[in-house]
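In what follows, a structure is listed as C-alpha cells, so that the remarks can point back to it.
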2 protein chains.
Amino acid sequence: MKNEIGPGAGDSEVRSPPEVAWRVKDVDAAVSCAGSAVFKPLAQLADADFQASLRSKLMGQVNLVRTAMRRLRDGGSITLTSGVLSREPMPGGAAISMVNAALEGFVTGAAIELPRGLRVNVVSPPWISETLAAMKMDPKGGIPAADCAKAYVAAVEGKDRGRTIDARELARS
Amino acid sequence: MKNEIGPGAGDSEVRSPPEVAWRVKDVDAAVSCAGSAVFKPLAQLADADFQASLRSKLMGQVNLVRTAMRRLRDGGSITLTSGVLSREPMPGGAAISMVNAALEGFVTGAAIELPRGLRVNVVSPPWISETLAAMKMDPKGGIPAADCAKAYVAAVEGKDRGRTIDARELARS
C-alpha cells in the first residue's frame, strides 16, 4: 500500500463519516484493529458498559466502512477486527461476544452492497501471545502477532467478500 | 406457563432493568419477539438508523435478559428473536444483519453466566408466510407462523443453552 490512513494515534473511536479527516487520497485498503469493548461479568455490566462497547468497537468500525466505501479507490478493500468470543464464549465476555458477532453480521450484510468492486471482511483474532506475556499469562494460549497479521494480509490481498477470517486457521496454514 | 409477562401491547422497546414493571411473579419463561431494526440500503443508513436498530431490537432484548435473570424462577428460560439475515444477507439488510448477529453473539456469551440454572437461547426465524401474504408477496418464500412457533416451544421446553435455533430446521422436522 502506498499510504496509511485513519484517525490519529490513540484515537480508538472512528467518528461519524462527515467528521473523519482522511489525510491522504488514492487509498486502496483500510484496515481497522481499533476499538474497545467492556470485559465484565454479565450481572455487573451496566447500561454504560454496553453503550461504550457498541459505540467504540462496533460503531467505530461500522463508521469506517461507511466512510471508506465513499473514499477508497475502485476495487479497494476494508478489513475490520472482531474476535473469537463471538463464537467461543468466556465468563465476563458477553458484551464482547455481542459486539464481535455484530461486526461479523454487519460485514456479511454490507459486503453485498458495496459499490465499485469494493470488498469488506473481518478478521477474528484469538489471544495474541505477546499480549498474554505482557499480562503474565501463558503465551501458548495465543498466537504470535506476526502469525495473526497473516489474516489481515489475506483479507487485503485476497478476493474474499463478507468473510469472517479466523486468524488461527491462517496461522496454522 | 401460568402467567404472561412483559411490557404492554405495542411497547416494542424493553426499558432498562430498573424501569421494567414485572406485573406478575413466579414466572418460568420469558419470550421476546419484540424489537425493530431499519431496513434501508447501506449507503442511505444514517447514524440515527443504526442507533434506533441497536436500541430497539438489540438492547431491548439484551435488557430483557438482564432483568429476567434476576426475576425468573430457578431453572427458567429466556428466548430472544434474531433472524436469518445474520447469516444470509440481502440488499438493504446490513443494519438488521448486524443486530441479529449481535443477539446471537450475546446469547452465546450470556448463556454461560446465567445463575440458578437459567437458560437463554435465540430463535432465528425466516420470513413468515402470513407476513409475506399481507405484503402481497409469495407466501411460499416463508414458513407459516404456526411452524415458526415450534422453535419457541423447543427453546422454552428443551434443554438448550446459548443456542441459535433455526426455525426452518424445526419447521421441517
How high is the relative contact order of the stretch A:49-133, in percent, counting Cα pairs under 8 Å that sit 6 or more residues apart?
-> 37
Under a plain spin-label model, where a point goes 7 Å from the Cα along Cα-to-Cβ, how far apart in nm are B:Ala145 and B:Ala46?
-> 3.2
Highest mean packing first, using Cβ neighbours within 10 angstrom, the peptides A:112-121, B:90-99 sort as B:90-99, A:112-121
Compute the length gained on full extension between A:Ala134 and A:Asp166: take 0.36 nm times their separation in residues and subtract their Cα-Cα distance, giving the result in nm to one decimal.
-> 9.2 nm
If you take the Cα Rg of the stretch A:126-173 and divide it by 2.2 N^0.38 Å, with N the number of residues, what do you get?
-> 1.25
Quantify how strongly other chains surround peptide B:54-66 by giving the mean number of their Cβ atoms within 10 Å of each of its Cβ atoms.
-> 3
How far, in whole Å, is the nearest Cβ of chain B from the axis relating it by rotation to chain A, and which residue carries it?
-> B:Ala102, 2
The residues B:Arg161, A:Arg73, sorted from fewest to most surrounding Cβ atoms within 10 Å, come out as A:Arg73, B:Arg161
Place the label 7 angstrom along Cα→C-beta at A:Asp26 and in each other copy, then list the distances from the first to the rest in nm, shortest first.
-> 7.6
Average partner chain C-beta neighbours within 10 Å, per residue of B:83-89?
-> 4
Quick one: net charge around B:Ala155, please, counting Lys, Arg +1 and Asp, Glu -1 for every other residue with C-beta under 11 Å from its C-beta.
-> +3
In whole percent, what relative contact order does chain A give with Cα contacts below 8 Å and a gap of six or more residues?
-> 20
Given the protein assembly as shown, what whole percent of its Cα pairs are spread farther than 31 Å?
-> 34
Are any of the pairs A:Lys159/B:Lys140; B:Lys57/B:Lys150; A:Lys159/B:Lys57; A:Lys40/A:Lys140; A:Lys57/B:Lys40 more than 26 Å apart by Cα-Cα distance, and if so, which?
-> A:Lys159/B:Lys140; A:Lys159/B:Lys57
Relative contact order of the stretch A:76-173 (C-alpha contacts under 8 Å, at least 6 apart) in percent is 32
Nm distances between copies for A:Glu169, ranked from closest, using label points 7 Å along Cα→Cβ = 1.8
FRET efficiency for A:Lys25 and A:Glu88, Cβ-Cβ distance as r, R0 = 45 Å, nearest 0.05?
-> 0.65
What average number of partner chain Cβ atoms lie no more than 10 Å from the Cβ of the residues making up B:109-117?
-> 6
Shortest-first nm distances, A:Pro139 label point to equivalent points in other copies (7 Å, Cα→Cβ) = 6.4
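No lab work stands behind these numbers, since they all come straight from the coordinates. Note that the coordinates shown come from a computational prediction; the quantities given were computed from them, not determined experimentally. Using ideal geometry, Cβ is built from the backbone for each residue, glycine included, and neighbour counts are taken over all protein chains shown.
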